[in-house]
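The values are calculated or read from the model by the stated rules, or taken from the named source; none is laboratory data. Quick caveat: nothing in here was measured; it's all calculated off a predicted structure. A quick note on method: Cβ atoms are made from the backbone with ideal geometry, for glycine too, and the neighbour counts reach across all protein chains shown. For the accessible areas, the whole protein counts, side chains as well, though only heavy atoms, and no ligand, DNA or RNA atoms are used. Shrake-Rupley method; radii C 1.70, N 1.55, O 1.52, S 1.80 Å.
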Amino acid sequence: MLINEWLQSIPALATPLTNALVALPLALLLPRLLRGKASPARWALTLLIALGLFAAYYLLAGNKHFGGLLIAMNSPLFAVLLLIALPALHLPRGKIYHWFLILPGLCILLAIWAVFDAYQSVPEGQEGFYWFLIRPAWLFAGVVSIIVLLEPLLSLGNFRWLVRGTCLLVLACGGFAFRQDYQDYQGMLARRQDQVPGIMNLSETSPVLLHDKRMLYLPSAPCRFTADGGYV
């Protein structure tokens, strides 16, 4: 389906934005552009810098010496920071901001569809409830988008509680509530097997939404020292 192709292609297109070496310089430039009426020359300069960073990323990613290290530094959280969080913080509240809210709304719909699509891939005869089967990119985009859309409806104090509560739930419960797909969920259950019921060894755990070639991932369930939601 066309939507499924978009779900796979959109994160791939944003790959350079998921790298810290590309995202952090842009994160320093964007606030000055978004807060006020930046001159066309400043926008053009920022665009040139972004294109240069993209070109450098693709050049180094193909290098056998630096490519692996560069790709290991990728995290979809950086792209979500640039495309959703920073504009929500710095755009003046007006027509442009209202048009911007279409983006987080679309991200929420695509995140919901990503969960639905993951359930469609569950083997026949194994249908059931496996919490939220979602890839890291859509998880980050969906959670941040929900916070952004609720922010105008809340007072500053309530908004702070919303952010804190969301982070607490994701970090403390994300180890079992969020898995990448059905196979990842079954792998999490398999690592819980132990001779003593209710006890999990640290050596059996795996960080939630772990990627074998990435150094960065969601550090879920740190209060129990196990990302799979078991007990130590």
When the Karplus curve 6.51 cos²θ - 1.76 cosθ + 1.60 is applied with θ = phi - 60°, which whole-Hz ³J(HN,Hα) does each residue of region 154-159 get, with x for Gly and Pro? 10, 6, 4, x, 5, 5
Considering all alpha-carbon pairs of region 34-180, what whole percent are spaced by more than 24 angstrom? 49
Using a 1.4 Å probe on the protein heavy atoms, what percent of the accessible area of region 30-119 belongs to carbon and sulfur? 77
Mind listing the long-range amide H neighbours of N74? Cut-off is under 5 Å, sequence gap 5 or more, other chains count too, H placed in the peptide plane at 1.01 Å from N. M215
Work out from phi, with θ = phi - 60° and the Karplus expression 6.51 cos²θ - 1.76 cosθ + 1.60, the ³J(HN,Hα) of each residue of region 71-77, listed in order in whole Hz, and give x for Gly and Pro. 5, 5, 8, 6, 8, x, 4
Give the peptides 41-52, 24-35 in descending order of average Cβ contacts within 10 Å, highest first. 24-35, 41-52
Classify region 30-118: rounded, prolate or oblate, from the alpha-carbon gyration tensor (a ≥ b ≥ c, eigenvalue square roots; a/c under 1.5 rounded; otherwise prolate if a/b is larger than b/c)? oblate
